[in-house]
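Working notes for the structure below.
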Amino acid sequence: MTERYEHYINGRPAAPIGGAYFESTNPATLEVLYEAARGTKDDVDAAVVAAGEAFENPLWRDLSPTKRGHLLRRLADLVGEHAEELAVMETQDNGKLLREMRGQLAALPEYLYYYAGLADKIQGSQIPTSSVQILNYTQREPLGVVGAITPWNSPLTLTTSKLAPALAAGNTLVIKPSEYTSRTILRVAELASEAGFPDGVVNVVTGYGAEAGAPLVDHPRLAKISFTGSTATGASIASSAAARFIGCTLELGGKSPNIVFEDANVDNAAMGVIAGIFAAAGQTCIAGSRVFAHRSVYDELLEKVANRARGIVIGDPMLEATELGPLAFDAQRQKVNSYVELGVSEGATVLTGGRRPDVDLPGYFYAPTVLTDVNNQMRVTREEIFGPVAAVMPFETEDEVLALANDTQYGLAAGVWTQNLARAHRMARRLEAGTVWVNTYRAMSPMSPRQGFKSSGVGIEHGIESMYEYTRLKSVWINTDEGPVADPFIMRS
Ligand code: NAD
């Protein structure tokens, strides 16, 4: 019988009120892995009520920030102890390489330790107003119930990027994970209970976006929504949040440029281009999907990238030797393929890839693809494909490539390959992207804030700045003068 997962509400598994479940499939083997509760508005309501009560519960509300940090540390330890189990689950769910998920899970406790350390460093300040009789100070308070909606491509890392700062700041959470990757988030919610978080502090409602995600966003008791996913969904979430004046953090899509100058180490740049677009089968928001190569190194770079792309070992993501697994689900594979066909119809040449590779598994595999004869105005260079498809374009001058790189609705990340220090700084300053990498690509740390510019997002994730996204600032004025209160028709400063 297929394994079954319930929601996780108020510290325990909760069957879906509507009684329905949906199946989750392994994208490499197409085996049904498990079924998970198909959440609806009623389940969301139960979870938000539990989170609201937990927020008011003295066990959580009055817990000292230092003790909140202890709980996060305990959770980090438990995640570390279960890292292998969680990594295997994520690979089975979304097809990413087990060796990549092992790396992500090994790093995951660091996210929790980092925010555990910050929990008791959320400080206000004392403001020197013009009256010495007045004591004015600020304090940062938790917001209340935070809704977190996350995608399937790095489920635990992207969820922990919200959960850790939100809990450190004293909020409670209702998480709606992607319908493709429900179970590791459920497992971590259980581990949060085991770590000692009071019931209702971490809740998970599984299910589809329209059925479980939308009612969460629209729930009147929600204090904030933190979302990672596509720009289209983010736009609809932003308008719902705006209508109710609640805050939102949005981490959205990208179409990032990866720029190789004539003075770059071309071998390193080729590795960076490969890492940028073929790691995780291109299913990363930061994918370096637009590659700009200076005309003098264009042929050399293209040859190196195409040769390596042709040699990438494609297959079972559970095997250590595999370098590229399947795409996460069938619609994703169809989308990638139709973009490649669209590019060809717009004049692109498929230098390599553009087809299903020979793999003896039935899953949603797609060969690493390099497109040439493309320009920055085609749909394949303007829209996010979210797959292993690089569009490579030549350029002549720095000003030209800056204009091309910035000519996009997105602003998530950018890569620059150059040995020229002054140019590196110039590019870092002028690129319209929240993250700029020079002579590296895909580097990330919970300590380093990241923000999507333009249509790539609103608000900050990671770093100290991210924790402030889960607080509100209050200004408190105390009159220390016990004498008569002055004329009410004169405003005092
Ligand atoms: P998606 O927008 O389809 O779904 C993301 C989540 O939102 C899922 O849990 C889904 O069920 C839910 N959802 C869908 N419709 C909803 C609605 N109307 N209301 C509420 N919730 C809804 O995105 P995806 O396909 O899961 O993820 C891929 C996208 O995520 C890509 O665009 C990628 O660039 C982006 N992404 C961004 C970052 C970042 O940090 N900027 C990181 C990873 C992925």
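The values are calculated or read from the model by the stated rules, or taken from the named source; none is laboratory data. As the structure is a prediction and not an experimental result, all values here were calculated from the model. A quick note on method: Cβ atoms are made from the backbone with ideal geometry, for glycine too, and the neighbour counts reach across all protein chains shown. For accessibility, only protein heavy atoms count, side chains too; no ligands or nucleic acids. Shrake-Rupley method; radii C 1.70, N 1.55, O 1.52, S 1.80 Å.
Out of the residues in the stretch 338-397 that are in contact with a helix residue (DSSP H, G or I) (Cβ under 7 Å, 6 or more places away or on another chain) and among the aromatic types (F, W, Y), state the one that is nearest to S289 (Cα to Cα).
F386
If a residue must be in contact (Cβ under 8 Å) with a residue 40 or more places away in the chain and more than 10 Å from the ligand (Cβ to nearest atom), how many such residues does the stretch 197-234 contain?
Looking only at that region, the number is 15.
Any idea which of A279, A275 is open to solvent by 10 Å² or more (accessible area, probe 1.4 Å), away from the ligand (no atom under 16 Å from the Cβ), assigned to a helix (DSSP H, G or I) and under 24 Å from P155 (Cα atoms)?
Only one candidate qualifies: A275.
Read through the list (1) within 28 Å of D267 (Cα to Cα); (2) touching an Asp or Glu at 6+ places or on another chain (Cβ under 9 Å), then give the number of the only condition that T372 fails.
(2)
Would you check if there is a residue in the stretch 389-401 being among the β-branched types (V, I, T), assigned by TED's automatic domain parsing to the domain that holds L324 and open to solvent by 10 Å² or more (accessible area, probe 1.4 Å)?
Yes; the residues of the stretch 389-401 include at least one that is among the β-branched types (V, I, T), assigned by TED's automatic domain parsing to the domain that holds L324 and open to solvent by 10 Å² or more (accessible area, probe 1.4 Å).
Restricting to the stretch 445-487, give me the number of residues that are part of a loop (DSSP other than H, G, I, E, B) and either open to solvent by less than 50 Å² (accessible area, probe 1.4 Å) or in contact (Cβ under 8 Å) with a residue 24 or more places away in the chain (or both).
So the answer is 14.
Please go through the stretch 21-71 and give me each residue that is in a helix (DSSP H, G or I) and of a type in the set (S, T, N, Q), ordered by number.
Answer for the stretch 21-71, where residues must be in a helix (DSSP H, G or I) and of a type in the set (S, T, N, Q): just T66.
Is it the case, given these coordinates, that D93 is assigned to a helix (DSSP H, G or I), at negative phi and either free of Cβ contacts under 8 Å to residues at least 24 places away in the same chain or more than 21 Å from the chain's Cα centre (by Cα) (or both)?
Criteria not met by D93.
Is at least one residue of the stretch 136-150 of a type outside the set (G, A, S), touching a residue at least 40 places away in the same chain (Cβ under 8 Å), within 12 Å of the ligand (Cβ to nearest atom) and in a loop (DSSP other than H, G, I, E, B)?
Yes, some residue in the stretch 136-150 is of a type outside the set (G, A, S), touching a residue at least 40 places away in the same chain (Cβ under 8 Å), within 12 Å of the ligand (Cβ to nearest atom) and in a loop (DSSP other than H, G, I, E, B).
Residue-by-condition table, conditions (1) over 23 Å from G39 (Cα atoms); (2) under 21 Å from the mean Cα position of the chain (by Cα); (3) among the aromatic types (F, W, Y):
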position	(1), (2), (3)
T129	yes, no, no
Q139	yes, no, no
V146	no, yes, no
T159	no, yes, no
A169	yes, yes, no
A210	no, yes, no
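Only one of these conditions is not met by L86: (1) closer than 30 Å to E179 by Cβ; (2) in contact with a helix residue (DSSP H, G or I) (Cβ under 6 Å, 6 or more places away or on another chain); (3) open to solvent by 10 Å² or more (accessible area, probe 1.4 Å). Which number is it?
If we test L86 against (1) closer than 30 Å to E179 by Cβ; (2) in contact with a helix residue (DSSP H, G or I) (Cβ under 6 Å, 6 or more places away or on another chain); (3) open to solvent by 10 Å² or more (accessible area, probe 1.4 Å), just (3) comes out false.
Given the conditions (1) among the hydrophobic types (A, V, I, L, M, F, W, C); (2) under 20 Å from the mean Cα position of the chain (by Cα); (3) more than 17 Å from E461 (Cα to Cα); (4) more than 8 Å from the ligand (Cβ to nearest atom), which single one is not true for A192?
Every listed condition holds for A192 apart from (2).
Across the stretch 402-414, which residue is farthest from D263 (Cα to Cα) among those that are surrounded by 15 or more Cβ atoms within 10 Å (Cβ to Cβ) and within 16 Å of the ligand (Cβ to nearest atom)?
Selected residue: Y410.
Got a sec? Which of S131, S178 is within 16 Å of the ligand (Cβ to nearest atom) and either assigned to a helix (DSSP H, G or I) or not aliphatic (A, V, I, L, M) (or both)?
Every option except S178 fails the conditions.
Where in the stretch 302-411 are there helices (runs of 4 or more DSSP H), lying wholly inside it, with at least 1 residues that are within 30 Å of S24 (Cα to Cα) and over 26 Å from the mean Cα position of the chain (by Cα)?
330-345
Which of the residues spanning the stretch 412-439 are in a loop (DSSP other than H, G, I, E, B) and more than 17 Å from A293 (Cβ to Cβ)?
L412, E432, A433, G434
Please determine whether any residue of the stretch 158-181 is open to solvent by 10 Å² or more (accessible area, probe 1.4 Å), among the hydroxyl-bearing types (S, T, Y), over 21 Å from T471 (Cβ atoms) and in the same structural domain as A238 (by TED's automatic domain parsing).
Yes, because at least one residue in the stretch 158-181 is open to solvent by 10 Å² or more (accessible area, probe 1.4 Å), among the hydroxyl-bearing types (S, T, Y), over 21 Å from T471 (Cβ atoms) and in the same structural domain as A238 (by TED's automatic domain parsing).
Among the residues of the stretch 235-250, count how many are within 18 Å of the chain's Cα centre (by Cα), of a type in the set (S, T, N, Q) and within 9 Å of the ligand (Cβ to nearest atom).
1
Given the condition open to solvent by 10 Å² or more (accessible area, probe 1.4 Å), within 30 Å of D360 (Cα to Cα), touching an Asp or Glu at 6+ places or on another chain (Cβ under 9 Å) and of a type outside the set (V, I, T), answer yes or no: does some residue in the stretch 55-76 qualify?
No, that holds for no residue.
Could you check how many residues of the stretch 450-466 are among the basic types (K, R) and within 11 Å of the ligand (Cβ to nearest atom)?
1
Name the residue, out of A287, A281, that is assigned by TED's automatic domain parsing to the domain that holds V416 and at positive phi.
After applying the criteria, what remains is A281.
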